[in-house]
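Chemist: I'd like to ask you about the structure that follows.
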Amino acid sequence: MVRLPAEEQVCDCCHQPMHVMGEDVREELELIPAHVQVTRYIREKYGCRCCEQHGTLGSMKVAPPVPALFAKSYATPSLGKRPTRDVA
């Protein structure tokens, strides 16, 4: 709320106190940075318990990775949706 200083709340014509008779409103848009979160994908690794017990080289398997936008990158397609310049 923006108010006139008390000494300016007097009529220039008759010098009587003035009262609030309305208001002018101006709104602005403000860009607030996006919320960023980390999504963790956990890939399970599998081994053969029988081979482990017998001391033989058993096979090991890993669940397939979730496709990434760029190899070894934390970037996701959602990052490509950001505007590349400031909003005027």
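The values are calculated or read from the model by the stated rules, or taken from the named source; none is laboratory data. This one's a predicted model, so the numbers in the text were calculated from it and none came from an experiment. Neighbour counts are summed over all protein chains in view; Cβ atoms, including those assigned to glycine, are modelled from backbone coordinates with ideal geometry. Just the protein is used for accessible areas: all its heavy atoms, side chains included, with ligands, DNA and RNA removed. Shrake-Rupley method; radii C 1.70, N 1.55, O 1.52, S 1.80 Å.
Chemist: At 7 Å along the Cα-to-beta-carbon direction for both residue 61 and residue 40, put a label point, then send me their distance in nm to one decimal.
Modeler: Placing both labels 7 Å beyond Cα along the Cβ direction yields 2.5 nm.
Chemist: What distance in nm lies between label points placed 7 Å from Cα along the C-beta direction at residue 11 and residue 48?
Modeler: 10.1
Chemist: Then there's this: Using a 1.4 Å probe and ignoring any ligands, DNA or RNA, find the accessible area of residue 60 and quote it in Å² to the nearest 10.
Modeler: 130
Chemist: In the full protein assembly as shown, how much of residue 15 is accessible to a 1.4 Å probe, in Å² to the nearest 10?
Modeler: Looks like 130 Å² after rounding.
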